[in-house]
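Okay, so here's the structure we're looking at.
The values are calculated or read from the model by the stated rules, or taken from the named source; none is laboratory data. What you see is a predicted model; the values in this text were computed from it and never measured. Virtual Cβ from ideal backbone geometry, glycine too; neighbours counted across all protein chains shown. We work out accessible area using only protein heavy atoms, side chains counted, and drop any ligands, DNA or RNA first. Shrake-Rupley method; radii C 1.70, N 1.55, O 1.52, S 1.80 Å.
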Amino acid sequence: MRGFPWFVLGLVFATFIGGAVRTVLTSDRVHKRIVAELRGRFPQQEFQIGQTEVLLSRGLWPGLGLRVKNLSFRQDVCGKLSFVINVPEAVLPVDLFALGRGKMRLGHVQLSDGHIHLNYVACPPKSAAPAVEVAKAKKPMIRAPSLDWNKVSAHLNAIEIENFTLTYERNVTWKMLVPTMRFDFAGDLLAHGQLEIQKSLPFGALSHLVDVEAQGDDRVMNWRVQTEFKEGRVQLKGSLDLNSQGAEITALAHQLPMKDVVAELYQMGFLKRDLRLKATWFSCGLKWEGAIEKPELSPVVAHDCKVEGGYGRVDLEEAELWMAQLAELKKPAVIKFNKLQMQPLLEALDREVLPKVLSRPGVWSGELTYSNLASWSLDGSLESVEVVFSNRSVRGKQSIDKLRTKVEYSNSKIQATIDALEIHGGEFAGHLKFNLEEDWRNGEFNADIQKLRLSSSIQNLLVGGVLGNLKFSGRGTLLDGELGRWDGDFELENVAGPGWIAEELQVKSRYSPGVFHLEGQAKSGSLKPEWGYYPQLRVVQPEALDNAVVWRDLIAKVHIQANGGQIHQISGIEGESKQPWRLKGNWARDGEFNAVLFLGRGKTKNFALFGEKDVLSVQERLR
């Protein structure tokens with residue numbers, strides 16, 4: 001019990017001394033002194049300060065400090081960053097240990113529920129100055145702070161910020177929240193805390209928590225910012241030499257889910273459309289090293305970048321980006337693609353590339369050489385492609401094992417070359433060249449094919465038999481992914497179906513919207529008894545019993561449309577009788593066929609041919 005009287009005596013003494021100090025240090029006197037000090041230190045800034053209280057305790061312990069309420073700073077100037085800082089309450093405790101040594105030093109400063117609003121307004125243009133003077137007046141883009149943490153620590157122990165908000169006038173939909181952040185100056189700088197980056201949207205908000213750490217002395221400051229994104233991670237770290245103004249910054253993105261990243265970029269307005277990329281992840285590293293005052297003089301080096309997942313794999317080993325010209329690379333970057341799945345990728349991009357021609361776009365591997373958005377080139381190979389062929393509403397698919405693709409994009413035009421085709425069950429020699437719009441569905445093309453032979457199944461689909469080696473050349477256009485116009489020449493060794501054959505065909509072809517115009521000739525052609533309409537032929541040629549009927553010097557002129565066609569002329573010289581045959585007529589798709597056959601010279605025999613759905617009748621027309 002001996003210490004209890006001393007405790008009571010100390011309590012009475014502290015109460016007496018505290019009352020005396022509070023009388024001397026009245027809030028009104030302190031308030032006036034703070035206002036005078038602020039006006040002397042910040043003459044160019046507008047400020048307001050509310051109630052000021054003198055604190056004589058820190059909880060149960062004695063202490064000395066100030067509580068300042070409704071503190072507001074404003075700087076509104078052109079050509080510099082303007083700001084408004086509002087702090088509802090600031091607690092500025094005095095370090096009693098330092099005070100005992102005769103030094104004025106703040107302890108653990110607390111700032112709560114503040115708001116910082118930034119803005120930048122350019123100064124009005126002045127009269128034109130000489131180029132030399134303008135060059136001399138040009139200031140660095142960024143100037144590193146000249147800070148001596150030892151000097152700061154001589155006057156301040158720590159600052160703790162809670163529930164602060166940072167906004168920017170030029171983009172009010174963005175804000176940065178500071179739930180908690182602490183800066184310790186006891187010796188070197190040590191900072192740690194969290195930031196919340198928030199983007200407001202019409203239907204809500206997107207936000208991400210970011211962990212922040214920093215360390216510094218009187219020469220170097222090191223910092224790191226890190227956040228988790230779904231199953232991925234983003235990290236930004238760097239160091240700054242306060243004396244030499246040299247800096248190094250590195251960024252790392254690891255296993256970011258592309259679906260979520262692209263969705264947020266789209267919602268924020270950075271992308272024009274939402275790309276539905278599923279099961280795809282992105283990783284990349286960036287590094288910049290140079291003078292902080294002139295960042296444009298050093299490149300940002302991208303390295304070990306990759307996109308991998310269900311669409312294939314994309315790799316970028318290294319590329320250099322320059323801040324002064326981000327839209328264009330000084331040195332083209334080479335991006336490698338491996339087994340890129342074209343069909344699901346086109347679906348994700350909401351694109352259709354010749355859907356009625358290509359049933360399966362295949363898998364692409366190759367390289368993209370990129371300089372800028374308006375200039376790039378592709379060189380690679382497409383595998384496992386399927387091309388659609390159709391005859392009389394029956395469709396077939398021709399597999400192409402591999403083909404070489406070369407694409408160059410410049411001035412919103414695409415120039416592409418396809419060659420080196422490996423046709424499954426067939427042969428190819430030649431090339432196709434395209435000059436397309438950037439949507440890939442409109443433009444021009446030309447063909448120079450020295451040899452083309454399709455698989456036996458497609459030959460059978462097209463002619464019901466064998467289609468020999470084909471050679472053709474011509475020019476055409478694409479319109480909304482379909483054939484617009486075509487003008488070309490074909491040469492065919494032979495073509496044969498059930499009971500018929502033609503040899504050495506030459507055809508001039510022309511297509512205008514909706515109509516194919518064909519003009520051709522053949523060295524010879526023949527019909528055999530196994531031909532489906534051979535019994536009807538006996539009406540015209542009774543002697544045609546079990547022998548083939550052969551013609552030479554065949555000529556044809558035919559127009560084909562989607563709903564049918566017209567035979568302007570099919571003619572030839574029959575081998576046995578040496579009599580000319582001439583046929584004219586028309587047909588409707590899945591409907592009637594009507595034609596007239598003229599046989600002989602001078603006084604001819606006429607025969608009417610008519611039928612529907614594979615049924616043909618032949619009758620002689622009497623004069």
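Tell me the relative contact order for the stretch 240-304 as a rounded percent, counting alpha carbon contacts under 8 Å between residues six or more apart. 37 percent. Can you return the lysines within cross-link range of Lys605? Criterion is Cα-Cα under 30 Å, with same-chain partners fewer than 8 residues away left out. Reachable lysines: Lys523, Lys528, Lys557, Lys578, Lys584, Lys613. Judged by the gyration tensor of its Cα atoms, with axes a ≥ b ≥ c, the stretch 367-412 is oblate; a/c meets the 1.5 cut and b/c is at least as large as a/b. The relative contact order of the stretch 348-442 comes to 21 percent, based on Cα pairs under 8 Å that sit 6 or more residues apart.
Taking the average, over residues, of other Cβ atoms within 10 Å as the packing measure, peptides 327-335, 85-93 rank 85-93, 327-335 from highest down.
Take the alpha carbon atoms of the stretch 248-345, find their radius of gyration, then divide it by 2.2 N^0.38 Å using N residues; give the quotient. Working shown, then result.
Working: Rg = 15.2 Å, N = 98, 2.2 N^0.38 = 12.6 Å.
Against the compact-globule rule of thumb, the ratio is 1.21.
The accessible-area ordering, largest first, of the residues Tyr168, Tyr311 stands as Tyr168, Tyr311, per a 1.4 angstrom probe. Each part gets one Cα centre, and for the stretch 339-406 versus the stretch 232-310 those centres are 30 Å apart. When the pairs Lys287/Lys330; Lys237/Lys339; Lys272/Lys397; Lys259/Lys331 are compared against a 24 Å limit on Cα-Cα distance, Lys237/Lys339; Lys272/Lys397; Lys259/Lys331 fall above it.
Straight Cα distances below 18 angstrom link Lys402 to the aspartates and glutamates Glu367, Asp379, Glu383, Glu386, Asp419, Glu422, Glu427, with same-chain residues fewer than 8 positions distant left out.
Each part reduced to its alpha carbon centroid, the stretch 415-460 and the stretch 582-623 end up 38 Å apart.
With a simple spin-label model that places each label point 7 Å from the Cα along the Cα-to-Cβ direction, the separation between Val466 and Leu118 comes to 7.9 nm.
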